[in-house]
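Asks: One structure is given below, represented as structure tokens, and several questions about it will come after.
The values are calculated or read from the model by the stated rules, or taken from the named source; none is laboratory data. Since the structure is predicted, the reported quantities are computational estimates derived from the model, not experimental observations. Using ideal geometry, Cβ is built from the backbone for each residue, glycine included, and neighbour counts are taken over all protein chains shown.
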Amino acid sequence: MSKASFGPGALYVRRTDTANQPTVNIGYAQELTINEQGDLVENYGTSQYAIDQARGTIKATGKIKTARVSGIAINSVFHGEVLTAGSLGATAFPGEVATLPAATVINASAATAADGDTVTFAAAPNVVPGQVATHANIPAGTAVQSVAGDVVTLTQAVTGTGIAVNDPVTFGPVNTVANGAEFNQDLGIVYNLTGLPLLTAGSGTPAGAGQYSVNGATGEYFFHPSDAGKQIATMYAYTQPAGQTKIVLNHQLGYTPTFQLDYVTVFEGALSYVRIFKCVATKFDRQFKLKAFLAPEIDFGISANAANQIYQETYPEVS
């Protein structure tokens, strides 16, 4: 008596074009489809029906659909890249909310002549490179270049009559994001109350309200003094030790990762097993949709391995 087979079973894949690759259970497989399509060649005489038929080539293809994303499995069957430890994280929408601190106002303790770019204070000021500096004679978009004791060097020289003794110099607010030590990339800032975006000053320095700059090494964000006290939401990416990462490269034509696929399922105590020796992925689909789980799909072609084998199929009993 023949036995039934039920469900997608368990799917295992192992990359075969590179030695010593791990076998991976894809996990939560939703669907495995295997299709074999023969090319029928017909021979006709003078009659309407063929007098001979022969099968020519056979095209074997398959499809895998899963309910989970396995980085090792996807890489093994499609991309064939190098996986490294660690991954990228990002702030969840609408971002990391913070209220910008007040601007810092410090009086100069010595005069700075026009065309000078250093300002001296009575004590070491609590400012950092990148922080916006403003004064009537400091050009817009000027920032702190460096700090040495009580002397601050600016990115631009002062103009006009310079800076006099006891003239107040205002430094814009700084906000260091929570994952500043692991900062990877800025993804934008909005005013939290209105949702309106601030504009990045790029490689420059904020010259007015609604602009910001960022130190990519520290995760410090710099703002113009006129934005002090406002609430912002910051989106950014950061590195984390968990997970794994791959970079998909633009390989030369012909670069073809191959994999072996093993399928096994048990129904009513009867085990069915199919091993496909050589597969090549032809399509990798991911759909990110509202109210839908991500279910990656991989289409693949099937061909003979070095031993001229296509697949091995095991039946639960003689029938």
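Asks: In the list Gly38, Gly86, which residue meets the criterion of being closer than 30 Å to Asn184 by Cα and in a strand (DSSP E or B)?
Replies: Details: Gly38 fails: closer than 30 Å to Asn184 by Cα.
So the residue among Gly38, Gly86 that is closer than 30 Å to Asn184 by Cα and in a strand (DSSP E or B) is Gly86.
Asks: In the range 285-300, how many are of a type outside the set (D, E, K, R), loosely packed, with under 15 Cβ neighbours inside 10 Å and either touching a strand residue (DSSP E or B) at 6+ places or on another chain (Cβ under 9 Å) or in contact (Cβ under 8 Å) with a residue 12 or more places away in the chain (or both)?
Replies: Quick first cut of the range 285-300, residues of a type outside the set (D, E, K, R) only: 287-288, 290, 292-296, 298, 300.
Filter again for loosely packed, with under 15 Cβ neighbours inside 10 Å, leaving 287-288, 290, 292-294.
Still in the running and either touching a strand residue (DSSP E or B) at 6+ places or on another chain (Cβ under 9 Å) or in contact (Cβ under 8 Å) with a residue 12 or more places away in the chain (or both): 287, 293-294.
Within the range 285-300, residues that are of a type outside the set (D, E, K, R), loosely packed, with under 15 Cβ neighbours inside 10 Å and either touching a strand residue (DSSP E or B) at 6+ places or on another chain (Cβ under 9 Å) or in contact (Cβ under 8 Å) with a residue 12 or more places away in the chain (or both) number 3.
Asks: Count, please, the residues in the range 77-106 that happen to be exposed (fewer than 13 other Cβ atoms within 10 Å of the Cβ) and more than 37 Å from the chain's Cα centre (by Cα).
Replies: Residues meeting the conditions: 1.
Asks: Moving on. Would you mind telling me which numbered condition in (1) part of a strand (DSSP E or B); (2) at pLDDT 95 or above; (3) surrounded by fewer than 18 Cβ atoms within 10 Å (Cβ to Cβ); (4) in the same structural domain as Thr33 (by TED's automatic domain parsing) Tyr273 fails?
Replies: (2)
Asks: So Gln240 fits all but one of (1) part of a strand (DSSP E or B); (2) out of contact with any Asp or Glu (no Cβ under 8 Å at 6 or more places or on another chain); what number is the exception?
Replies: The one condition Gln240 does not meet is (2).
Asks: Restricting to the range 255-270, and then to whatever is modelled with pLDDT of 85 or more and surrounded by 17 or more Cβ atoms within 10 Å (Cβ to Cβ), can you tell me which residue is nearest to Arg15 (Cα to Cα)? So that I can check it myself, show each step before the final result.
Replies: Here is the first cut: in the range 255-270, the ones modelled with pLDDT of 85 or more are 255-264.
Next, from what is left, pick out any that are surrounded by 17 or more Cβ atoms within 10 Å (Cβ to Cβ): 257-263.
Working: Pro257: 7, Thr258: 6, Phe259: 4, Gln260: 6, Leu261: 9, Asp262: 12, Tyr263: 15 Å.
Only one residue tops the list, namely Phe259.
Asks: Still on this model: Looking only at the range 106-120, decide whether some residue is assigned to a strand (DSSP E or B), without any contact (Cβ under 8 Å) to a residue 40 or more places away in the chain and more than 30 Å from Tyr12 (Cα to Cα). Talk me through it step by step, then tell me what you get.
Replies: Filtering the range 106-120 down to residues assigned to a strand (DSSP E or B) leaves 106-108, 112, 118-120.
Then keep just the ones that are without any contact (Cβ under 8 Å) to a residue 40 or more places away in the chain; that gives 118, 120.
Okay, now just the ones that are also more than 30 Å from Tyr12 (Cα to Cα), so 118, 120.
Yes, that holds for at least one residue.
Asks: Also, quick follow-up: Can you list the strands (runs of 3 or more DSSP E) lying wholly within the range 132-217 that have 2 or more residues being modelled with pLDDT of 95 or more and farther than 18 Å from Asp115 by Cβ? Lay out the reasoning, then the answer.
Replies: On the way: elements: 144-148, 151-154, 168-171, 174-176, 183-191, 211-215.
Per the criteria, 144-148, 168-171, 174-176, 183-191, 211-215.
Asks: Could you list, in sequence order, all residues of the range 166-185 that are over 20 Å from Ala103 (Cα atoms) and either acidic (Asp, Glu) or over 22 Å from the mean Cα position of the chain (by Cα) (or both)?
Replies: Correct list: Glu182 only.
Asks: Hey, another quick one. Only one of these conditions is not met by Tyr255: (1) among the hydroxyl-bearing types (Ser, Thr, Tyr); (2) under 30 Å from Gly141 (Cβ atoms); (3) outside the structural domain of Ser146 (by TED's automatic domain parsing); (4) not in a strand (DSSP E or B). Which number is it?
Replies: Going through (1) among the hydroxyl-bearing types (Ser, Thr, Tyr); (2) under 30 Å from Gly141 (Cβ atoms); (3) outside the structural domain of Ser146 (by TED's automatic domain parsing); (4) not in a strand (DSSP E or B) one by one, Tyr255 breaks only (2).
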